[in-house]
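The values are calculated or read from the model by the stated rules, or taken from the named source; none is laboratory data. Computed from a predicted structure; not experimentally measured. No Cβ is skipped: glycine too gets one built from the backbone with ideal geometry, and neighbour counts run over all protein chains shown. These accessible areas exclude ligands, DNA and RNA; they are computed on the full protein's heavy atoms, side chains included. Shrake-Rupley method; radii C 1.70, N 1.55, O 1.52, S 1.80 Å.
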Amino acid sequence: DLPGEYTIFAASGDHTASVTVAIEPRNVQRQIEVVGQGRVSDRATSDLWVWEGPDGRDYAVTGTHSADGHAYFWDVTDPSNIQLIDTIKVDARTVNDVKVSEDGRLAVISREGASNRRNGLVILDVSDLYDRGAQILARYDDQLTGGVHNVFIFDQHVYALSAGQRYDVINIEDPTNPHRVGTFELDTPGHSIHDVWVVDGIAYSSNWADGIVAVDVGGGGMGGSPRNPVELGR
């Protein structure tokens, strides 16, 4: 971000190296204009996801943090006139993450701070928000009671963080009957995980001190699948 001379140090075992580099100004500018706002005035907004619905309109879902388990659904087709069209409330203190499937029909929201300490996630039908609204199809908390910080949906599977240490792979081909089919966890001392994202059958996760980890879950060419995640590299 700031131009000048910088010295980069690297160390591996008893080997060290350094190099000084000159960073020039990037000279990159772009004007940003706020064109609309969906206001939530009584609680903090956590995460959001924007998608095109089956009806061709654009929608957004937002979670809430340190509140009482609300998630909001918006029509953002006209970004200068954002409309709140539905609200749901689940047993949670924080709806920390929200995701929508590739076809725009299913949403998954994560729960933290449930009253019975069984957090997990909630699966919703969002295929017809105007006529039916968001409909809860299932709740899933098996071995996810420690809180689900982040989730991702790919190819009818949910990749859900569990206890801040691993992610579980949950099959949602029948969204009313979700079930775990796989899991991935590092074996390094004190390992932890913060987020996971899946692109073309490869799961990328941020693992704090262990860096970024890439895992074949069906697209990495190493025999991996949702049932058998295979690490590719980190």
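Does the range 65-87 contain at least one residue that is out of contact with any helix residue (DSSP H, G or I) (no Cβ under 8 Å at 6 or more places or on another chain), open to solvent by 80 Å² or more (accessible area, probe 1.4 Å) and of a type in the set (V, I, T)? Taking every residue of the range 65-87 in turn, none turns out to be out of contact with any helix residue (DSSP H, G or I) (no Cβ under 8 Å at 6 or more places or on another chain), open to solvent by 80 Å² or more (accessible area, probe 1.4 Å) and of a type in the set (V, I, T). Scoring F152 on the criteria (1) closer than 20 Å to A163 by Cα; (2) assigned to a strand (DSSP E or B); (3) touching a Gly at 6+ places or on another chain (Cβ under 6 Å) leaves a single failure, condition (3).
Just for the range 21-38: of the residues that are part of a loop (DSSP other than H, G, I, E, B) and more than 14 Å from P79 (Cβ to Cβ), which one is least open to solvent (accessible area, probe 1.4 Å)? Filtering the range 21-38 for residues that are part of a loop (DSSP other than H, G, I, E, B) and more than 14 Å from P79 (Cβ to Cβ), the one least open to solvent (accessible area, probe 1.4 Å) comes out as P25. Considering only residues of the range 101-133 that are within 15 Å of T64 (Cα to Cα) and part of a strand (DSSP E or B), which is most open to solvent (accessible area, probe 1.4 Å)? It comes out as E112.
Name the one entry in G201, G164 that is within 17 Å of the chain's Cα centre (by Cα), surrounded by fewer than 19 Cβ atoms within 10 Å (Cβ to Cβ) and touching a residue at least 40 places away in the same chain (Cβ under 8 Å). Result of the check over G201, G164: G201. Take I136 and tell me if it is open to solvent by 40 Å² or more (accessible area, probe 1.4 Å), at pLDDT 95 or above and of a type in the set (A, V, I, L, M). Yes. Of the residues making up the range 121-146, those that are small (G, A, S) and either free of Cβ contacts under 8 Å to residues at least 40 places away in the same chain or at negative phi (or both) are S127, A134, A138, G146. Every condition in (1) in a loop (DSSP other than H, G, I, E, B); (2) modelled with pLDDT of 95 or more; (3) over 18 Å from the mean Cα position of the chain (by Cα) holds for Q143 except the one numbered (2). Looking across V90, V98, one residue alone is touching a Ser or Thr at 6+ places or on another chain (Cβ under 8 Å), surrounded by 16 or more Cβ atoms within 10 Å (Cβ to Cβ), closer than 22 Å to R132 by Cβ and aliphatic (A, V, I, L, M). It is V98.
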